1. Any idea what the relative contact order of the chain is, in percent, if you count C-alpha pairs under 8 Å spaced at least 6 apart?
2. So how far, in whole Å, is the C-alpha centre of segment 34-95 from the one of segment 105-176?
3. Stokes-Einstein diffusion coefficient for segment 473-514 at 20 °C in a medium of 1.002 mPa s, Rh from the Kirkwood formula over Cα pairs: what value in µm²/s?
4. Given segment 1-157 reduced to its alpha-carbon atoms as identical point scatterers, what log10 I(q)/I(0) does the Debye formula return at q = 0.14, 0.17, 0.18 Å⁻¹?
5. Rounded, prolate or oblate for segment 118-168? Axes are the square roots of the Cα gyration tensor eigenvalues, ordered a ≥ b ≥ c, and the cut-off for rounded is a/c under 1.5.
6. Most exposed first by the Cβ proxy, i.e. fewest other Cβ within 10 Å, how do C493, C305, C338 rank?
7. Can you put M104, M53, M299 in order of Cβ neighbours within 10 angstrom, beginning with the fewest?
8. Work the Kirkwood hydrodynamic radius out for the chain: mean of 1/r over every pair of different alpha-carbon atoms, inverted, in Å.
Amino acid sequence: MSNYQSAIEAVKAIKEKAGSSWDAINPESVARMRVQNQFKSGLDIAQYTADIMRADMEAFDADNTKYTQSLGCWHGFVGQQKLISIKKHFGTTKRRYLYLSGWMVAALRSEFGPLPDQSMHEKTAVASLVEELYTFLRQADARELGLLFSELDKAIAADDQTKAKEIQDAIDNFETHVVPIVADIDAGFGNAEATYLMAKQMIEAGACALQIENQVADEKQCGHQDGKVTVPHADFHAKIRALRHAFLELGIDNGIIVARTDSEGAGLTKEIAVVKEPGDEGDIYNSYLDVEEIDVSQMKEGDVCLNRNGKLVRPKRLPSGLYQFREGTGHERCVFDCIGALNAGADLLWIETAVPTVHEIKGMMDEVRKVHPNAKLVYNNSPSFNWTLNFRQQAYDAWLEAGKDVSAYDRSDLMNAKYDDSELSAEADERTRTFQADTSREANVFHHLITLPTYHTTALSVDNLAKEYFGEAGMLGYVKGVQRQEIRQGIACVKHQNMSGSDIGDAHKEYFAGENALKAGGAKNTSNQFS
């Protein structure tokens, strides 16, 4: 018996027990609603998606060509359309996730208005977006299944058994739009207790993977800006354990923790770590401080000094009160951070880099994997990088090193549009195209994401529409540039009434009121023009 038929039989049994007052309840209608609503809570989603992500991690361990990808989303509709598009073009959502960017929550979701990525937005905004994304993905399930149910009714009415069987199979083998979300919890928005409370909200909303960074919560900066301040490992590891406790308390025993290190670009610390014994994590953290050896007589009022191997040293302190690390220690500190985070129970690593280069990422991960051979990385394919310039420079440098003639190119001007159709540009574009596969193979990158793609695509598409619509093209600017493209490319949203749930609502009206239902999808519905 099919899943759908099983649902019908289950509701029939319930109806029979209820008696005659339920005569108007159609078991098939209820079964359809049940099938359309597979997930009853955020915790159902968190468990389902955690299982998916763990299986994907295991598959990646066996074959690192099976990396996963995601795009950042700032609204439920954006995430929904992404998954609808993926199913349309690829037939499956396997190994495709969603990323929830703290940057976009700050810039686009705060009641304060647009904010920089400095953890100034409301704590609850992140969990609210997780819930919103899954609300839209569940609605995408209901919509697509609703269309299948309509087709099934037509096939049965036409007595087309072959078609009915085909649609029945599609219903029983339906693949949900619900996929894992990797959700950004910034630096935890406070101490470890605050981190735990916020994590619970996010997990209850459906998040199976939480990404946390080793910056100071009240000094947090975007990973691609200056002024980042890291915390000693004891502080960071307490927050990692807070996340694990939140998962375990809620029964998500295989939740995923992504530990991010900003040390590659962070040259500052707010604290000198506590040292309990020589060579412990606190001692190693402090060993990277930029210090000067002094005599006791040189100590000033308020100075903080350390005993290092029997010598008195004074960490260099900035007017802000922060301490600075030695120049050139970023990579070494990243490796140290990664090993420590995995020891503390993190599942995946995230290393922020200044530029996207395969060899740099590989170099750090090679060191980490000497201690943790199975260490896997999440990598931010960030729009903060100028990808065109970086890869043209990398191609230029590779040609120069190989002795190839580069006289036709000015390395300081490689963004110039005159190079767009050049041989160098073609090689740079190929390096860009294969970057994700290359880093997954060379540096064990399990998950590739772009943090802010939909922020940029929205700005670009609105700019193009405004230029045409408010210019000479007028209404043709919308018709030719938007609606006609939706029709030609089969974009489901061209039928925006259907996408918003109008047809689902019509089906429900019929379930509830029978032939008395006043439905919106009649002959006068202008959406019929797109059928």
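1. 15
2. Distance between centres, Cα-based: 12 Å.
3. The Stokes-Einstein estimate is 179 µm²/s.
4. Result of the Debye calculation: -0.90, -1.11, -1.17.
5. The shape class here is prolate.
6. C493, C305, C338
7. If I rank by nearby Cβ atoms, fewest first, I get M299, M104, M53.
8. 26.5
Coordinate-derived values only; no laboratory data. Just so it is clear, the model here is predicted, and its values are computed rather than measured. All Cβ positions, even for glycine, are placed from backbone atoms using ideal geometry, and neighbour counts span all protein chains on display.
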